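One structure is given below, encoded as structure tokens.
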Amino acid sequence: MEKIHTNHAPEAIGPYSQAVKVGNLLFTSGQIAIDPATGNIVEGGIAEQTERIMKNLTAVVEAAGGKMESIVKTTCFLADMADFGVFNEVYAKFITEKPARSCVAVKTLPKNVLAEVEVICEL
């Protein structure tokens with residue numbers, strides 16, 4: 001198991017890695033809307049937060065030598081399922097190959113963000 005790290009995504013805020021590589025698969029930790037340059041949650045609503053999340057995931061996937069087109073599974077967590085439509089619009093700009101996906105509403109996310117996304121990617 002190889003730990004993956006990039007300065008182009010937020011530092012882990014707990015005892016975990018941004019991602020781990022096992023064989024030809026990459027498993028990312030959930031990314032939230034933290035701007036890695038400032039360490040702060042981005043301002044705005046679900047569209048702005050999803051954009052930042054997807055940029056963070058792109059940075060982690062690319063740091064491992066992967067491509068967003070090679071994602072095979074995503075797991076998406078929303079604080080409010082009413083945000084589903086807007087979330088999907090932004091998500092679809094980054095995830096173009098339609099991998100398998102789960103999307104669930106949860107009571108609370110870290111730092112009270114509106115969404116969190118994790119991926120599995122073939123390298």
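The values are calculated or read from the model by the stated rules, or taken from the named source; none is laboratory data. Since this is a predicted model, take the numbers as computed values, not measurements. When we count neighbours, we look across all protein chains shown, and the Cβ atoms used for this are built from the backbone with ideal geometry, even at glycine. The area values use the complete protein model at the heavy-atom level, side chains included, leaving out ligands, DNA and RNA. Shrake-Rupley method; radii C 1.70, N 1.55, O 1.52, S 1.80 Å.
Figures for the structure shown
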quantity: Residues within segment 92-123 that are surrounded by fewer than 15 Cβ atoms within 10 Å (Cβ to Cβ), among the β-branched types (V, I, T) and either farther than 15 Å from F77 by Cα or in contact with a His (Cβ under 8 Å, 6 or more places away or on another chain) (or both), tallied; calculated: 1
quantity: Residues of segment 1-34 classified as open to solvent by 40 Å² or more (accessible area, probe 1.4 Å) and either part of a strand (DSSP E or B) or acidic (D, E) (or both), total; calculated: 7
quantity: Residue under evaluation G85, criteria (1) surrounded by 12 or more Cβ atoms within 10 Å (Cβ to Cβ); (2) part of a helix (DSSP H, G or I), criterion not met; calculated: (1)
quantity: Residue list for segment 41-53, filter: open to solvent by 40 Å² or more (accessible area, probe 1.4 Å) and within 10 Å of the chain's Cα centre (by Cα); calculated: E51, R52
quantity: Per-region count, segment 24-54, residues of a type outside the set (S, T, Y) and free of Cβ contacts under 8 Å to residues at least 12 places away in the same chain; calculated: 5
quantity: Every residue from segment 63-84 that is charged (D, E, K, R) and either within 15 Å of the chain's Cα centre (by Cα) or on the phi > 0 side of the Ramachandran plot (or both); calculated: K67, E69, K73
quantity: Qualifying residues in segment 99-123 (those that are in a loop (DSSP other than H, G, I, E, B) and within 15 Å of the chain's Cα centre (by Cα)) - the one nearest to S70 (Cα to Cα); calculated: P99
quantity: Boolean, N56 is closer than 29 Å to K107 by Cβ, in a helix (DSSP H, G or I) and open to solvent by less than 20 Å² (accessible area, probe 1.4 Å); calculated: yes
quantity: Selection count, segment 11-59, where residues are out of contact with any Gly (no Cβ under 6 Å at 6 or more places or on another chain), of a type outside the set (S, T, Y) and farther than 22 Å from V86 by Cβ; calculated: 18
